[in-house]
Amino acid sequence: MPAFDAKRLEALAQQLQAAATAQDWVRLGQLDQLLSQWLAEEQATPSADPAQQAAWLRVASAHGQARSACQQALQEAGARLRDLHNHNEAHKAYAWQEQLS
């Protein structure tokens with residue numbers, strides 16, 4: 001018997017959405033691990049229950065949204081790091097110019 005049913009899948013979808021909205025990357029990682037376990041169980045014994053299949057689709061959608069949020073945050077962090085690096089390089093150049101003056 002799987003550790004999930006349609007109700008738990010719906011709850012997982014909601015938790016994925018909430019964690020992505022809150023940018024709670026630790027929680028998203030935990031939910032992703034749980035989802036991975038549940039997927040392994042589902043693949044071993046697929047459910048014929050239409051409600052459970054629909055819930056899986058909602059989980060897949062929520063997971064896709066969470067993944068997009070992670071990618072967006074990663075891009076923003078990368079841009080911020082580049083800005084900091086450029087600012088640091090400009091500061092070094094200014095300091096070097098001051099030394100030569």
Practice item. Can you figure out the FRET efficiency of residue 65 with residue 43, using R₀ = 22 Å and their beta-carbon distance, to the nearest 0.05? Key: 0.45
Practice item. Can you tell me the 0 to 90 degree angle between the C-alpha axis of helix 50-100 and the longest principal axis of the chain, rounded to 10? Key: 10
Check your understanding: Which net charge results for the neighbourhood of residue 20, defined as the other residues with beta-carbon distances under 10 angstrom from its beta-carbon, given Lys and Arg at +1 and Asp and Glu at -1?
Key -> +1
Practice item. Mind checking the per residue accessible area of the chain for me, 1.4 Å probe, whole number of Å²? Key: 73
Revision key, fill the gap. When the charge dipole of the chain is computed with +1 on Lys and Arg Cβ and -1 on Asp and Glu Cβ about the Cα centre, the Cα farthest towards its positive end, among 63, 79, 99, belongs to 99
Point to revise | Highest-fluctuation residue, 16, 74, 35 considered, GNM on the chain with Cα pairs under 10 Å | key: 74
Practice item. Take the alpha carbon gyration tensor of the chain, find the square roots of its eigenvalues, order them as a ≥ b ≥ c, and report rounded if a/c is under 1.5; if not, report prolate when a/b exceeds b/c, else oblate. Key: prolate
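Rounded to the nearest percent, how much of the accessible area of region 7-94 (1.4 Å probe, protein heavy atoms only) is carbon and sulfur?
Roughly 55 percent of what the probe reaches on region 7-94 is carbon or sulfur.
The values are calculated or read from the model by the stated rules, or taken from the named source; none is laboratory data. All values derive from a computational prediction rather than experimental measurement. Cβ sites come from the backbone with ideal geometry, for glycine too, and all protein chains shown count toward neighbours. Surface areas here come from the heavy atoms of the whole protein model, side chains and all, with no ligands, DNA or RNA. Shrake-Rupley method; radii C 1.70, N 1.55, O 1.52, S 1.80 Å.
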